[in-house]
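The values are calculated or read from the model by the stated rules, or taken from the named source; none is laboratory data. A quick note: this is a predicted structure, and the numbers were derived from the prediction, not measured. Cβ sites come from the backbone with ideal geometry, for glycine too, and all protein chains shown count toward neighbours. We work out accessible area using only protein heavy atoms, side chains counted, and drop any ligands, DNA or RNA first. Shrake-Rupley method; radii C 1.70, N 1.55, O 1.52, S 1.80 Å.
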Amino acid sequence: MKILVQRFHSTKNYTAGLMYIDGEFVCFTLEDEKRDVKVYAETRIPSGIYTLSLQTSGSLHTRYKAKFSFHKGMLLLNSVPNFSGIMIHIGNTDKDTAGCLLVGHTFCLGCSKITDSQKAYEKIYPRISAALLNGEAVNVHVVDEMITS
């Protein structure tokens, strides 16, 4: 499975993107802003290709396991240079992420946020986790934005 995150809008506070699974648009993404020097919990991950796995420990995993009957583990991006614990999860603004990829059903440019995050997560998670549990390689390809403001 190939997941593409195409960043399309970046500001001094956040980065918005489009997520595709095997070429099909599935949701919007939101990340922290681009920085030349990494600042913990305030910097987006570098563009690149990352493998994905399921993380079955940690407080976020425990919360999601209690919240979602389908939850098998957090979607974890592996080998992100200078980052650790980068996951795909629910959230609406850059305040909800510490470098992770947030997913949302809609993006509000004027509001600087994504919305219906749980709805987007419920859409993508079963498909991605099923591939991982079936032993399929899942890669996340993050490419830089087309528009900067």
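Some values worked out for this structure:
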item	result
Every residue from the stretch 101-120 that is in contact with a helix residue (DSSP H, G or I) (Cβ under 9 Å, 6 or more places away or on another chain) and either part of a strand (DSSP E or B) or open to solvent by less than 30 Å² (accessible area, probe 1.4 Å) (or both)	LEU102, VAL103, GLY104, THR106, LYS113, ILE114, SER117
Some residue of the stretch 94-107 being over 20 Å from ILE3 (Cα atoms) and among the small types (Gly, Ala, Ser)	yes
Any hit, the stretch 129-144, residues being open to solvent by 10 Å² or more (accessible area, probe 1.4 Å), in a loop (DSSP other than H, G, I, E, B) and at pLDDT below 95	yes
Some residue of the stretch 30-40 being surrounded by fewer than 16 Cβ atoms within 10 Å (Cβ to Cβ), β-branched (Val, Ile, Thr) and either touching a Pro at 6+ places or on another chain (Cβ under 7 Å) or modelled with pLDDT under 95 (or both)	yes
Residue selected from the stretch 43-71 under the condition open to solvent by less than 30 Å² (accessible area, probe 1.4 Å) and part of a strand (DSSP E or B), by the criterion farthest from ILE128 (Cα to Cα)	GLY48
Selection from the stretch 1-49 of residues that are of a type in the set (Gly, Ala, Ser) and more than 13 Å from the chain's Cα centre (by Cα)	SER10, GLY23, ALA41, GLY48
